[in-house]
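Right, one structure below, let's go through it.
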Amino acid sequence: MSNNEQASAAMSQDGECPSARSYYMTRQTVEEMNNKMKLENIGFYTLEDFRAKNACVNSPLWRNEIIITSRCNFNCPYCRGTEINGKKGDMPLDEIKKSIDIWASQNVKNARFSGGEPTIHKEIKEIIRYTKDVCKEIEHIAISTNGYADLELYKELIRIGVNDYSISLDACCSSIGDMMSGEVKGSWNKVVSNIIELSKLTYVTVGMVFDKQNSHEMKESILFASNLGVSDIRIISAAQWDDFSIFENLSIDRKVLDKHPILKYRINNFKTGRNVRGITKTDSHKCGLMIDDTIIKGKYHYPCVIKMREGCNPIGIVSDKMRQERKDFLENHNTYKDPVCRKNCLDVCIDYNNKYELTNLSRHEVCVNNSADESTIKDSKRVM
Ligand SMILES: C[S@@+](CC[C@H](N)C(=O)[O-])C[C@H]1O[C@@H](n2cnc3c(N)ncnc32)[C@H](O)[C@@H]1O
Ligand code: SF4
Ligand code: SF4
């Protein structure tokens, strides 16, 4: 079988874009692969083909997150918690503003604030106000929240600039819901009521984490969430309980899936035997995301949220050299050799990185193979 046929065969088996690393491909094959799956179809607005094609040290900052507090008013059983600068507490406002200033200087498009529970940060309103004021190109300001703040606070944050709430909801009834919050009584009712109201006002997605305590009601929970008026539903297993068997026979009505692209993407992946997490040999072994993402906690920036949550070391200290440091890290990092990436990287990140690698190969690394009558693309460094 020719190299070109090998590449095509690998693609047609599972409908995904395999890494170009293992193959020598024709320009035509790369184009076919690029067209096969558009990142836009996944449903995450930060992931799109245009970004993958144009990502470099000078492109706009695309997805940027700050963990603004380690404190929380819930105690979810699967949550490993976090610390800011080595201790429990809030990230100081001046440190947060310094990071936002750096984002602003690099045309930040999408900002996210998380925690801990970001809505209990003492300065949450000022943080959103400042982001809106100084980040002139900003398109989305997102908050990841447990949904337990007062509705009035959420509404005020929308007035100031928030246009994306990612809200956690792990159950379809109050008994399991309250248990999953760490026994905060009445919390599930309040969260559900907030989701219904906020879904009328802005883009709301629900994040559902399943472990052995709530996975028996997974299907009911998904259908329940779908009826709350949310734009999308992100289902995942708890990182420390990554059991694919809970998803294997999950079947959701097509009408429900058609309303929620991210849910549809995941369910379709499950049908092909693909779990939410895990890099395979044929995936890209480079992480292009980090070149125009930033993930900041306290004084430090990290490769990504996943690695930060798994307790990995930061790349460096937050400064205007951050972008270059991230590029250097990317160049010297092999995600398949990194056990944390290999085990924990998410499907959407993997698909992005596969597309990033392919599009950058086609943009920069097409060379003429003198021994063949067609252009070939060779494995080589692909960081710009
Ligand atoms: C750490 S929380 C912070 C924001 C907010 N407190 C919340 O719960 O949405 C961010 C996201 O991580 C998820 N999460 C927390 N621990 C997890 C774990 N062990 N495995 C998978 N997801 C987890 C939460 O469900 C939430 O969607
Ligand atoms: S609400 Fe969020 S931060 Fe708080 S314990 Fe649950 S997952 Fe962790
Ligand atoms: S876990 Fe995924 S997103 Fe994070 S650094 Fe590794 S490859 Fe990149």
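The values are calculated or read from the model by the stated rules, or taken from the named source; none is laboratory data. No experiment lies behind these values; they were computed from the predicted model shown. Reconstructed Cβ throughout: ideal geometry from the backbone, glycine too, with neighbour counts over all protein chains shown.
Out of (1) out of contact with any Asp or Glu (no Cβ under 8 Å at 6 or more places or on another chain); (2) within 20 Å of E310 (Cα to Cα); (3) in contact (Cβ under 8 Å) with a residue 40 or more places away in the chain; (4) of a type outside the set (S, T, N, Q), the odd one out for I68 is which?
Status for I68: all satisfied but (1).
Please verify whether the stretch 72-80 includes one or more residues that are basic (K, R), without any contact (Cβ under 8 Å) to a residue 24 or more places away in the chain and within 16 Å of ligand 1 (Cβ to nearest atom).
no
Restricting the stretch 160-176 to residues that are within 16 Å of ligand 2 (Cβ to nearest atom) and either part of a helix (DSSP H, G or I) or β-branched (V, I, T) (or both), which is surrounded by the fewest Cβ atoms within 10 Å (Cβ to Cβ)? Full working, then the answer.
In the first step, residues of the stretch 160-176 are kept if they are within 16 Å of ligand 2 (Cβ to nearest atom); the result is 165-171, 176.
Cutting the leftovers down to either part of a helix (DSSP H, G or I) or β-branched (V, I, T) (or both) gives us 167, 176.
Details: I167: 24, I176: 17.
My answer is I176.
Got at least one residue in the stretch 250-258 being surrounded by fewer than 20 Cβ atoms within 10 Å (Cβ to Cβ), within 15 Å of the chain's Cα centre (by Cα), farther than 27 Å from P60 by Cα and not assigned by TED's automatic domain parsing to the domain that holds I350?
The answer is no; no qualifying residue exists.
Name the one entry in I67, I100 that is modelled with pLDDT of 95 or more, within 16 Å of ligand 3 (Cβ to nearest atom) and closer than 19 Å to K125 by Cα.
Step by step, each of I67, I100 is checked, and only I67 is modelled with pLDDT of 95 or more, within 16 Å of ligand 3 (Cβ to nearest atom) and closer than 19 Å to K125 by Cα.
Within the stretch 97-117, how many residues are within 26 Å of V209 (Cβ to Cβ) and either of a type in the set (K, R) or out of contact with any Ser or Thr (no Cβ under 6 Å at 6 or more places or on another chain) (or both)?
Matching residues across the stretch 97-117 total 3.
Within the stretch 311-321, is there a residue that is at pLDDT below 95 and among the hydroxyl-bearing types (S, T, Y)?
No - not one qualifying residue is present in the stretch 311-321.
Of all residues being among the aliphatic types (A, V, I, L, M) and assigned to a loop (DSSP other than H, G, I, E, B) in the stretch 229-259, which is farthest from ligand 1 (Cβ to nearest atom)? Just the residue, please.
Filtering the stretch 229-259 for residues that are among the aliphatic types (A, V, I, L, M) and assigned to a loop (DSSP other than H, G, I, E, B), the one farthest from ligand 1 (Cβ to nearest atom) comes out as I252.
Here's a check for you: in the stretch 194-216, which residue that is under 16 Å from F247 (Cα atoms) and in a strand (DSSP E or B) is nearest to the chain's Cα centre (by Cα)? Before you say what the answer is, go through the steps one by one.
Residues of the stretch 194-216 that are under 16 Å from F247 (Cα atoms), as a first pass: 207-216.
Within this subset, residues satisfying the condition of being in a strand (DSSP E or B) are 207-210.
Details: G207: 12, M208: 14, V209: 14, F210: 17 Å.
Of everything passing the filter in the stretch 194-216, G207 is nearest to the chain's Cα centre (by Cα).
How many residues are surrounded by 18 or more Cβ atoms within 10 Å (Cβ to Cβ), in contact with a helix residue (DSSP H, G or I) (Cβ under 8 Å, 6 or more places away or on another chain) and not charged (D, E, K, R) if we restrict to the stretch 276-313?
18
May I ask you to list pairs of residues, at least six apart or on different chains, whose Cβ atoms are under 9 Å apart, with the first in the stretch 260-281 being assigned to a strand (DSSP E or B) and the second being among the hydroxyl-bearing types (S, T, Y)?
That search, which allows pairs on different chains as well, returns R277/S237.
Residues being assigned to a loop (DSSP other than H, G, I, E, B) and charged (D, E, K, R): count how many of those fall in the stretch 74-95.
Matching residues across the stretch 74-95 total 3.
If you go through the stretch 324-334 one residue at a time, do you hit one that is touching a strand residue (DSSP E or B) at 6+ places or on another chain (Cβ under 7 Å), surrounded by fewer than 21 Cβ atoms within 10 Å (Cβ to Cβ) and over 26 Å from R266 (Cβ atoms)?
Scanning the stretch 324-334 turns up at least one residue that is touching a strand residue (DSSP E or B) at 6+ places or on another chain (Cβ under 7 Å), surrounded by fewer than 21 Cβ atoms within 10 Å (Cβ to Cβ) and over 26 Å from R266 (Cβ atoms).
May I ask you to say which residue of I138, I158, I167 is more than 16 Å from ligand 1 (Cβ to nearest atom), closer than 17 Å to Y45 by Cα, modelled with pLDDT of 95 or more and not aromatic (F, W, Y)?
Step by step, each of I138, I158, I167 is checked, and only I138 is more than 16 Å from ligand 1 (Cβ to nearest atom), closer than 17 Å to Y45 by Cα, modelled with pLDDT of 95 or more and not aromatic (F, W, Y).
Return the only residue of D101, D178, D164 being assigned by TED's automatic domain parsing to the domain that holds I235 and not β-branched (V, I, T).
It is D178.
What is the one condition in (1) touching a helix residue (DSSP H, G or I) at 6+ places or on another chain (Cβ under 7 Å); (2) more than 18 Å from L198 (Cα to Cα) that G116 does not satisfy?
Exception for G116: condition (1).
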